[in-house]
Amino acid sequence: MKETILGVDVCPLTYEELTERILADIAAARKSFIVAINPEKIMKAQEDLELRTLLNRATYQIPDGIGVILASKLKKGKIRKRVTGIDMMLTLCEMAAKHNKKIFLYGAKPGIAEEAKSKLEDVYPGINIVGTLDGYEKDEQRIIDTINNSDADIIFVAKGSPAQENWIVDHMETLRPNIYQGVGGSFDVLSGRLKRAPAGFQKLGMEWFYRLLKEPWRIQRQMALPKFLLRVMKGS
Ligand code: UDP
């Protein structure tokens, strides 16, 4: 059963439960779509009803961000652990290496997806990344053919939000892969262009604070959190 936070669905499943479901989706040739939910997206979806519909169309909305956990607590929900976009992606990579599923990386600046591919190959021996494509390719037919010819089961789409989610909804029914996940800037992180917070920050749920120190201009975006929690408390 999904929880609904200010009109946006969130899945209470853990990495393990999601991985099991996704394996079952592939086995049954079911299409599924994973989207990361954070307070920023929920707040945007208050005014932007198209975005709300888009987020709610996903098969699995993962609770990415400490704000979603706090909101679930406030609403006496059950979600207690974050499932971040990048860790979900890495969990699926590990699963794919183990179960021989094929992966495609689509998005980011030219060259970045290839760098992310070789990083993933170092970390997950046996992983089968069957193709990559940058997120600035304009030739729609070339995009479709490259993805379909790769015969991938899982595609990670790193084009930023909500562009990647729109792209997924527009293409998932007709393209070959079964599993679609929007992963934002994850290829940049994997390629080493952007650093993730040290493990200590991550464990404390303070990754946002680390990002703020590194990229202070994000303050505007992060100020949304207290506003978001107030709104959840008021329940509207
Ligand atoms: N990007 C892309 N095609 C575009 C615009 C952006 O592939 O037309 C990529 C960009 O290079 C970056 C990612 O999308 O790798 C966006 O990352 P960001 O961290 O801004 O995404 P967020 O998760 O914050 O939406």
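Tell me the net charge near residue 41. Cut-off is 10 Å between Cβ atoms, residue 41 excluded, with +1 for each Lys or Arg and -1 for each Asp or Glu.
Spelling it out: positives minus negatives among the neighbours equals -2.
Mind scanning 73/117; 81/101; 41/78; 117/138; 101/214 and naming the pairs with a C-alpha gap bigger than 32 Å?
Those over the limit are 73/117; 101/214.
As an exercise, use a Förster radius of 30 Å and the Cβ-Cβ distance of residue 30 and residue 145 to find the FRET efficiency, rounded to the nearest 0.05.
So the FRET efficiency works out to roughly 0.80.
Local charge sum around residue 202 (other residues, Cβ-Cβ under 15 Å, Lys/Arg +1, Asp/Glu -1)? All intermediate terms of the calculation are to be shown ahead of the outcome.
Details: positive: 81, 82, 195, 196, 203, 211, 214; negative: 64, 87, 207.
After counting each charged neighbour, the total is +4.
Let me know the volume per residue of the alpha-carbon convex hull for the chain, in Å³. Present the calculation step by step, with values, prior to reporting the outcome.
Working: hull volume 29.1 nm³, N = 236.
With only Cα atoms used, the chain gives 123 Å³ per residue.
For the residue pair residue 76 and residue 47, what label-to-label distance in nm results when each label sits 7 Å from Cα along the Cα-to-beta-carbon direction?
3.3 nm
Stretch residue 212-residue 234 to full length: gain in nm at 0.36 nm per residue minus the Cα-Cα span?
Answer, rounded to one decimal: 5.2 nm.
Just add up the charged neighbours of residue 53: K/R +1, D/E -1, any other residue whose Cβ is under 14 Å from the Cβ of residue 53.
On the way: positive: 41, 44, 52, 57; negative: 9, 47, 48, 50, 165, 170.
Local charge sum for residue 53: -2.
Only the coordinates and a few stated rules stand behind these numbers; no lab work does. Being a predicted model, the structure only gives us computed values, none of them experimental. Cβ sites come from the backbone with ideal geometry, for glycine too, and all protein chains shown count toward neighbours.
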